[in-house]
1. Based on alpha-carbon centroids, what's the gap between the range 119-161 and the range 2-69 in Å, whole number please?
2. How much of the accessible area of the range 85-201, in percent, comes from carbon and sulfur atoms when a 1.4 Å probe is used?
3. Enumerate by residue number the trypsin sites (Lys or Arg not before Pro) in the range 102-183 meeting two conditions: DSSP loop (anything except H, G, I, E, B), and at most 11 other Cβ atoms within 10 Å of the site's Cβ.
4. Between their Cα atoms, which of Lys90/Lys296; Lys203/Lys288; Lys115/Lys277; Lys90/Lys207 are more than 25 Å away from each other?
5. At 0.36 nm per residue, and after removing the present C-alpha to C-alpha distance, how many nm does the segment from Asn152 to Ser47 gain when stretched out fully?
6. When the gyration tensor of the range 25-182 is built from Cα positions, what are the square roots of 5 times its three eigenvalues, in whole Å, from largest to smallest?
7. Whole number in Å², please: accessible area per residue of the range 17-108, 1.4 Å probe, ligands, DNA and RNA not counted.
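The values are calculated or read from the model by the stated rules, or taken from the named source; none is laboratory data. The shown structure was predicted, so the numbers you read here are calculated from the model rather than taken from an experiment. Every residue, glycine among them, receives a Cβ derived from its backbone with ideal geometry; neighbour counts consider all protein chains shown. Accessible surface areas use protein heavy atoms only, side chains included; no ligands, DNA or RNA. Shrake-Rupley method; radii C 1.70, N 1.55, O 1.52, S 1.80 Å.
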Amino acid sequence: MRFDSELINEIISKISIETGDEIPFENSEYDFGITGEKYQIKNDIESVRYGREVGTYEILSLPDVIVLSTKQINYISDTVADIISSFLGKLTKSSRVLVVGLGNRHISSDSLGSKVCHDINITFGLRGYPKVMAVCPSVLGLTGIESFEIINGVVERVKPTHIILVDSLCASAVSRLGSSIQISNTGICPGSGVGNKRKCFDKTLCKNIVSIGVPLLIYASTFIRDVFDSNNIVIDDIMDIMQSAENLGNNEDILNLLQSIKNVYNDNINDIVVSHKDIEQMVVILAKIISDAINKSLGTFELNK
């Protein structure tokens, strides 16, 4: 299913339109105009229907990250840290936490995982803290090895009690690009958001797993459809107008215009993925928010000082 790496609320919305079934969710309001949504996939039936693992999914919707103040960034990282902590449960000095940064560090929109890993406080050799480790397996095209196989090998050796995964997601609306953070106590499937699905990281790797994702990519075809929808342009209406124009005759210019609009909507550009013009700055800010949040949830943030 192509939208494995989309936000849970977008997936539920699509399926609900088709089936009429809806999953109730909790709304939350925070300071600085930040809002939250909490969804639960409760059983195998819902898991199959929505194509996502059984578990809890929380989404924070943010204001424009490019103009966030330091105070806002710190507040958001505190909020994300609280959610991560609720999923991790109680940590002890004997806990072994592996942070995994997925994606391709050479592509800005896919480099979130590696940037987060870079700023994780590693506690090897430090007493009084959980043992925190971090690894960025990169992508198959660069290493020739599935990222799952790399992490599976690491897990077998270091035997983590908890795993935190960080990856870029694929959006279904332009408004979601870089403006949402999804945290869940389920796994993640690298590359599935761009039609390149790999082996999934799930609870077969580790019982305690947390996934953090941000939509930083969008299909060009999705972008076009989103623009059409936001301007209330319905392709079926265009077809009806074309039929009416043909019946009236002498409307070649109008027919050509409507046909061009239809061609744009139906253009076969499914392999083209686009992102935000300020993606590099956006990823830097989001990586700081998430890495600080992880460090706070693990009790290692003080090591920054």
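1. What the calculation gives is 28 Å, centre to centre.
2. Of all accessible area on the range 85-201, carbon and sulfur atoms account for 53 percent.
3. Sites meeting the loop and neighbour criteria: Arg127.
4. In this structure, Lys203/Lys288 exceed 25 Å between Cα atoms.
5. Taking Asn152 through Ser47 to full extension adds about 35.4 nm, to one decimal.
6. 26, 20, 19
7. 55 Å²
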